[in-house]
1. Does any residue in the stretch B:207-219 that is in the same structural domain as B:Phe175 (by TED's automatic domain parsing) and over 21 Å from B:Val148 (Cβ atoms) come within less than 8 Å, Cβ to Cβ, of a residue that is among the aliphatic types (A, V, I, L, M) and part of a strand (DSSP E or B) six or more places away or on a different chain, and which pairs are these?
2. Considering each residue of the stretch B:278-316, count those that are of a type outside the set (Ser, Thr, Tyr) and either within 15 Å of the chain's Cα centre (by Cα) or outside the structural domain of B:Arg65 (by TED's automatic domain parsing) (or both), and give that number.
3. Please find, among A:Ala91, A:Ala83, A:Ala77, A:Ala68, the residue that is in contact (Cβ under 8 Å) with a residue 40 or more places away in the chain and farther than 23 Å from A:Pro177 by Cβ.
4. Do any helices (runs of 4 or more DSSP H) entirely within the stretch B:45-137 hold 2 or more residues that are among the small types (Gly, Ala, Ser) and within 11 Å of another protein chain (Cβ to nearest Cβ), and if so, which?
5. Inspect the stretch B:286-308 for any residue being out of contact with any His (no Cβ under 8 Å at 6 or more places or on another chain), of a type in the set (A, V, I, L, M) and part of a loop (DSSP other than H, G, I, E, B) and give the result as yes or no.
6. If I go through the stretch A:240-260 residue by residue, how many of them are surrounded by fewer than 24 Cβ atoms within 10 Å (Cβ to Cβ) and within 20 Å of B:Thr73 (Cα to Cα)?
7. Restricting attention to the stretch A:241-259, does a residue exist that is at pLDDT 90 or above and away from every other protein chain (no Cβ under 12 Å)?
Amino acid sequence: MAAVRSASTRLLANRAFLTLCLAATSIAMLVLAILLLAIFVQGWSGLSWDFLTGLPSRKADKAGVFVALMGSLWVCAICGLLALPLGVATAVFLEEFAQKTRFTRIVQTNIMNLAGVPSIVYGILGLTAFARMFGAFGTNVEDAISLGSEESLFFLRIPFGSSVLAGGLTLMLVILPVVIIATQEALRAVPGSLRAGAFALGATRWQTVWGITLPAAVPGIMTGAILAMSRAIGESAPLLVLGGALFVSGAPENLMSDFAVLPLQIYNWASRPQESFHAIAASAIILQLVVLFLFNGIAVFIRQKLQKPLQ
Amino acid sequence: MHVSKPLTAISAIALFTSAAMLAAGPAPQSAKDLKGAIKIDGSSTVYPITEAVAEEFRTEAPKVRPTVGVSGTGGGFKRFSAGEIDISNASRPIKKSESDAATKAGVEYIELPVAFDGLTIVVNPKNTWCTSLTVEQIKKIYSASGGVKSWKDVNPEWPDKPVKVYSPGTDSGTFDYFREVTVGKDGSVRADMSVSEDDNVLVRGVSGDEGAIGFFGCAYYFENKDKVKSVAIDGGKGPVAVSTDSIENGTYAPFSRPLFVYINKKSADRPEVDAFVDFYLANAGKLVGDVGYVKLPDAVYAKVTKNWDARRTGTQFTTPSGDSVQGPLATVYE
């Protein structure tokens, strides 16, 4: 029989492990705290109404973040509105409807791999597919086909060019795998007994999904959505490739407007030679955090509203 | 019914004015009424200048919407050659391959230098021995075959301290220009450099390392004079220190490099683009100083404006066979 370790050794090991975990957590928290503190110290004084509503300028004290902020909101809103329904629907199909065939296995593996692809690759894809539409309509701006009036919110031009719609679609590609995988995990976590119960009562597969499985999976889906949107709002590489601008004269007016986004603006300000631009870069980072919390807040709100007890 | 006297007078005036306007035909379009979008993309080095011009142009023509991107000189030319954008910002002249692509797509371009950037060679402030370098010495430090490990290898009188080499990203126009004037187009640069896309990182690197040497645009040097020390350049006529004057008058050779905008000739026919470029050339000299660059000599601006007005197309910096034209801007540019 193996020797039973004394109670004190076991308690010591227990305490050591706890200390290790606490140390790991506090290191992460400390780094985050230092980062936030540095940003707030540098950027807090720069935050003002003028900064929020100001346009780009060569002078740091006159420069504002308005167009980049509105651009980020537009692009992320388009991205979220497209990626969430598409991603959830794909996950529902794969988890609840599709037979486990060789085809679905290939699709599944592909989605897993796509989640790890660097975002700049999606930028190149977005540039070819959305902005230029494979050159099928010519590359000259004058060759573009216009649909609807330019005053309308839903004015369309084909190809899309480097517009907010093309930007939103590109970011959608970036986060789609994340949304799909998170939704699949959430659906798998729903107890099989719930589905079985619904089927036993004669519900169709559709009724089961819509009435039972999806509502039960909403918390998990929303957590995935938060992570995905956080990624989308911080992306700059794919939008840079797409031809996202930095200087724009105003907020987007329709789906075909040119746009700037916060991460691009922050990077540009931070790499300027003048110290004063570094300070407003910090202010813009604070703003970016606020927008992030705003999006997350919406997701948490939806989660609370839709969450139903499983019993 | 009575109509009060002043009102009658006003309506009479209104009637007359509208009649006069009808007679005169449509009034000549002023910049205030211009509309439309101008698409600009390209170098992030040139971006601050174009941003400054676009910012001031807002009061001149509030309804025109210029958008300026920063996809880099190469990225900008790729879009420009395809006819996607109206204006391309460039920190180096257009390459033969880019020019050929434009011709193939039916894009003619007008080449306009707008400012100087002076590449500044900097060392750590604690480095007291190195106050000037010849182009030959810089070449020896940066080239792969130079084999410089210590400052003593550059000049036997200097201390035996290790040289730490810093450089901007090898994709940047800044690096391209530096390589061409030092190790040459086909020469290879040493592999053990610390490279960063962000010039502020280079400033920090050089300021924290006694044996460091690096280079970047003069805007970063002018802002960080307390952190790094500039080295005078000896191009054969004695050492010349970097300053706005030596860059502008061309004595800071060969490291004062011109920055360009390229205009799509077809876009230049649009009144809003025409007005924007007119405004650009008229105000560049006043605005480039604000963003840390150096204005061109007035005589060069005059040539640039003349070429713009004449819509002179093509590049003056590449020979038909594809070789780049070297030399100071004031003598090369016609």
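The values are calculated or read from the model by the stated rules, or taken from the named source; none is laboratory data. Quantities reported herein were computed from a predicted structural model and do not represent experimental measurements. Please note: Cβ atoms are built from the backbone with ideal geometry, for glycine as well, and neighbour counts cover all protein chains shown.
1. Between residues of the stretch B:207-219 that are in the same structural domain as B:Phe175 (by TED's automatic domain parsing) and over 21 Å from B:Val148 (Cβ atoms) and residues that are among the aliphatic types (A, V, I, L, M) and part of a strand (DSSP E or B), the close pairs are B:Gly217/B:Leu119; B:Cys218/B:Leu119; B:Cys218/B:Val294.
2. Going through the stretch B:278-316 one residue at a time, the tally reaches 17.
3. Details: A:Ala91 fails: farther than 23 Å from A:Pro177 by Cβ; A:Ala83 fails: farther than 23 Å from A:Pro177 by Cβ; A:Ala77 fails: farther than 23 Å from A:Pro177 by Cβ.
Unique residue meeting the criteria: A:Ala68.
4. Working: elements: B:47-60, B:72-81, B:96-104.
Because the criterion is at least 2 residues that are among the small types (Gly, Ala, Ser) and within 11 Å of another protein chain (Cβ to nearest Cβ), the helices (runs of 4 or more DSSP H) in the stretch B:45-137 that meet it are B:47-60, B:72-81.
5. Looking only at the stretch B:286-308, we keep the residues that are out of contact with any His (no Cβ under 8 Å at 6 or more places or on another chain), and these are B:286-308.
So of that shortlist, the ones also of a type in the set (A, V, I, L, M) come out as B:287-288, B:291, B:294, B:296, B:299-300, B:302, B:304.
Still in the list and also part of a loop (DSSP other than H, G, I, E, B): B:296.
Yes, some residue in the stretch B:286-308 is out of contact with any His (no Cβ under 8 Å at 6 or more places or on another chain), of a type in the set (A, V, I, L, M) and part of a loop (DSSP other than H, G, I, E, B).
6. 2
7. No.
Quick grid of which residues meet (1) of a type outside the set (A, V, I, L, M, F, W, C); (2) closer than 17 Å to B:Ile121 by Cβ; (3) within 14 Å of another protein chain (Cβ to nearest Cβ):
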| position | (1), (2), (3) |
| --- | --- |
| B:Pro168 | yes, yes, yes |
| B:Gly187 | yes, no, no |
| B:Met193 | no, yes, no |
| B:Asp209 | yes, yes, no |
| B:Tyr221 | yes, yes, yes |
| B:Gly235 | yes, yes, no |
